[in-house]
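Each remark here refers to the structure printed beneath this line.
The values are calculated or read from the model by the stated rules, or taken from the named source; none is laboratory data. Just so we're clear, the structure is a prediction, and the values are computed from it rather than from any experiment. Positions of Cβ are generated from backbone atoms using ideal geometry, with glycine treated the same way; all protein chains shown enter the neighbour counts. With ligands, DNA and RNA removed, areas are computed over all heavy atoms of the protein, side chains included. Shrake-Rupley method; radii C 1.70, N 1.55, O 1.52, S 1.80 Å.
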Amino acid sequence: MRRLLPPVLALLLALLAPVASAQQAGAPSPFFPYPMKTERLPNGLTVVRVPFKSPGLVAYYTVVRVGSRNEVEPGKTGFAHFFEHMMFKGTKAHPEGSREKVISKYGYDDNAFTTDDVTVYHSFGPSAGLGELIPIEADRFANLEYSEPSFQTEALAVLGEYHKNAAAPFLKMEEALNATAFKKHTYQHTTLGFYADVKAMPQQYQYSKSFFERWYTPDNTMVFIVGDFDDAKVMDLVRQSYSSWNRKVASVKVPAEPPQREQRSVEVPWPQPTQPRTVFAWHTPAASLNTQDAAIQSVLQAYLVGPTSPLYRTLVLEKQLAESIGSDWGIHRDPHLFTLTATLKDEKGRDAVEEAFGQAVRDLATGRVDAARVNAIKSNLRYGQLMGLETANDVGVALAYYAGVYGAPDAFARHQQALSQVKPQQLIEFAKRYMPAANRTILSLTQAPAAAKKGEK
């Protein structure tokens, strides 16, 4: 989840402007093998349809460009994720429970998820149900209603979700890494929000209303319909159902993160027996359709710590210092973190693993690159992602997520095209520019002494 209306949203508006209120057809290409029709309604809502051979089945995805990135006010974090819960509370026309009856009647798989940058709502099931599903979806995004007691009950459910996530190391690691690496930008808190804010959420009923009005707007939302359906009939129903939704997205300034000038580190002592872990993280550029930075990072993570990498062969297979190595990097609207991660066999291997991580980056930055492996990784990534588009639901989630982060309905195909154009020399230049030690934060997950003794028994 993340913020603002700035560069990326401006880019989205610029990209969408030429097709406003008009149909735009995208032909199949090596980067996305299905035809795509895009229409922007007069209220700013972008609607994308993809015919896909899935007899009688359709995937219906709605992506709202709001995540924890957008939570700029102190004491008000966690609301993007909170609305992932509240959006199922109903409206005057469709009170709570009526939508669930339709979902059950047709047997839809139905859920939602929130990230740093986007919130995605999705249903997958019979095309025959679209006539009932579309009006309900349009109504809840325009006219969501909930009482204060209902809000407070759901806020406590979100607090319970926080507690469950905090029982494993990953949430605490993400919180510590983000708080250490980010001093200004809202990426310093996780999608769940700061714990103190989540606990105080039941008192924020009025604020929740303004958050919904601010971000749940047609010009901040895209709908993707993928599968077996009558395009003309569906679009008639979409235009009719969504036309009265007329709010405009807010313009809120998200603080820019200043450059990091020296290495930072943070230790997370874990009170229960667990495997020690290390994370190297560098500030790196945002995903943008104007640069190849995201495509380069896609290749870079596989090149440095993928299963064909020398690091994997040495640390995991031969010396067995690490149970696993990898990267948590993902596309983001604003500059975020490129990471190398390792789950260690035991604490004794930490220094050797960290030295190996540092040496691999230094080797790359000084020009040592295996061009043949870079090209093999590019092919593997591209064809792996395309082979993953096996169902209408697979296509829906890929299109919605990439479109939400990049701000353009055809972003998935354009990211694939950028991947195909990455050159080995670009990995060298990227490592040299963005991966010096001064731009790095190191997180160490260690066992608290009491937990270490418990694990020895």
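Tell me which residues, restricted to segment 306-353, are outside any loop (DSSP other than H, G, I, E, B), open to solvent by 10 Å² or more (accessible area, probe 1.4 Å) and under 18 Å from VAL374 (Cα atoms).
PRO310, LEU311, TYR312, ARG313, GLY326
Kindly check whether there is at least one residue in segment 269-287 that is surrounded by fewer than 21 Cβ atoms within 10 Å (Cβ to Cβ), of a type in the set (A, V, I, L, M, F, W, C), outside any loop (DSSP other than H, G, I, E, B) and touching a residue at least 40 places away in the same chain (Cβ under 8 Å).
yes
Between GLN240, GLN292, GLN297, which is among the polar types (S, T, N, Q), within 30 Å of THR46 (Cα to Cα) and surrounded by 22 or more Cβ atoms within 10 Å (Cβ to Cβ)?
On the way: GLN240 fails: surrounded by 22 or more Cβ atoms within 10 Å (Cβ to Cβ); GLN292 fails: surrounded by 22 or more Cβ atoms within 10 Å (Cβ to Cβ).
Matching residue, one of GLN240, GLN292, GLN297: GLN297.
Only one residue in ARG261, ARG277 is at pLDDT 95 or above and either closer than 21 Å to THR341 by Cβ or touching an Asp or Glu at 6+ places or on another chain (Cβ under 9 Å) (or both), so which one is that?
Exactly one of ARG261, ARG277 is at pLDDT 95 or above and either closer than 21 Å to THR341 by Cβ or touching an Asp or Glu at 6+ places or on another chain (Cβ under 9 Å) (or both), namely ARG277.
Looking at ALA398, ALA448, ALA372, ALA376, which one is more than 20 Å from the chain's Cα centre (by Cα) and closer than 21 Å to SER327 by Cα?
ALA376
Any idea which of (1) more than 24 Å from the chain's Cα centre (by Cα); (2) open to solvent by 10 Å² or more (accessible area, probe 1.4 Å); (3) modelled with pLDDT of 95 or more is the one LEU133 doesn't satisfy?
(2)
Go through segment 226-237 and give me each residue that's open to solvent by less than 60 Å² (accessible area, probe 1.4 Å) and over 30 Å from HIS336 (Cβ atoms).
Once the filter is applied, which keeps residues that are open to solvent by less than 60 Å² (accessible area, probe 1.4 Å) and over 30 Å from HIS336 (Cβ atoms), segment 226-237 yields GLY227, PHE229, ASP231, VAL234, MET235, LEU237.
From the list LYS199, LYS184, LYS172, pick out the single residue that is outside any helix (DSSP H, G or I), open to solvent by 20 Å² or more (accessible area, probe 1.4 Å) and over 17 Å from LYS89 (Cα atoms).
Sole residue among the options that is outside any helix (DSSP H, G or I), open to solvent by 20 Å² or more (accessible area, probe 1.4 Å) and over 17 Å from LYS89 (Cα atoms): LYS184.
Restricting to segment 262-289, name every residue that is among the β-branched types (Val, Ile, Thr) and out of contact with any Pro (no Cβ under 9 Å at 6 or more places or on another chain).
Of everything in segment 262-289, those that are among the β-branched types (Val, Ile, Thr) and out of contact with any Pro (no Cβ under 9 Å at 6 or more places or on another chain) turn out to be VAL266, THR278, VAL279.
Residue by residue through segment 202-217, note down the ones that are farther than 19 Å from VAL252 by Cα and open to solvent by 50 Å² or more (accessible area, probe 1.4 Å). Show your work before the answer.
Looking only at segment 202-217, we keep the residues that are farther than 19 Å from VAL252 by Cα, and these are 202-205.
Scanning segment 202-217 gives a single hit, GLN203.
Write out, first by first residue and then by second, each pair whose Cβ atoms fall under 7 Å of each other, whose residues are 6+ apart or on separate chains, and whose first residue, in segment 159-182, is under 13 Å from PHE194 (Cα atoms) while the second is aromatic (Phe, Trp, Tyr) and assigned to a helix (DSSP H, G or I).
TYR162/TYR195; ASN178/TYR187
Give me the pairs: first residue in segment 183-195 and over 9 Å from PRO255 (Cβ atoms), second residue β-branched (Val, Ile, Thr) and part of a loop (DSSP other than H, G, I, E, B), beta-carbon distance under 8 Å, and six or more apart or on different chains, which are they?
Every condition considered, the pairs that remain are HIS189/THR77; THR191/THR115; GLY193/THR77; PHE194/THR77.
Outside any helix (DSSP H, G or I), among the acidic types (Asp, Glu) and open to solvent by 50 Å² or more (accessible area, probe 1.4 Å) - does that describe any residue in segment 246-259?
no
Can you find even one residue in segment 106-119 that is surrounded by fewer than 21 Cβ atoms within 10 Å (Cβ to Cβ), in contact with a Ser or Thr (Cβ under 9 Å, 6 or more places away or on another chain) and hydrophobic (A, V, I, L, M, F, W, C)?
Checked segment 106-119: at least one residue is surrounded by fewer than 21 Cβ atoms within 10 Å (Cβ to Cβ), in contact with a Ser or Thr (Cβ under 9 Å, 6 or more places away or on another chain) and hydrophobic (A, V, I, L, M, F, W, C).
Say we look at segment 53-67 and pick out the residues that are under 25 Å from the mean Cα position of the chain (by Cα) and in a strand (DSSP E or B); which of these is surrounded by the fewest Cβ atoms within 10 Å (Cβ to Cβ)?
Going through the qualifying residues, I end up with THR62.
Looking only at segment 136-169, how many residues end up being in contact with a Phe, Trp or Tyr (Cβ under 7 Å, 6 or more places away or on another chain), open to solvent by 10 Å² or more (accessible area, probe 1.4 Å) and small (Gly, Ala, Ser)?
Result for segment 136-169: 1.
Show me the strands (runs of 3 or more DSSP E) entirely contained within segment 10-52 in which 2 or more residues are modelled with pLDDT of 95 or more and open to solvent by 10 Å² or more (accessible area, probe 1.4 Å). Working first, answer last.
Details: elements: 23-26, 36-40, 46-51.
Once the strands (runs of 3 or more DSSP E) in segment 10-52 are filtered for at least 2 residues that are modelled with pLDDT of 95 or more and open to solvent by 10 Å² or more (accessible area, probe 1.4 Å), what remains is 36-40.
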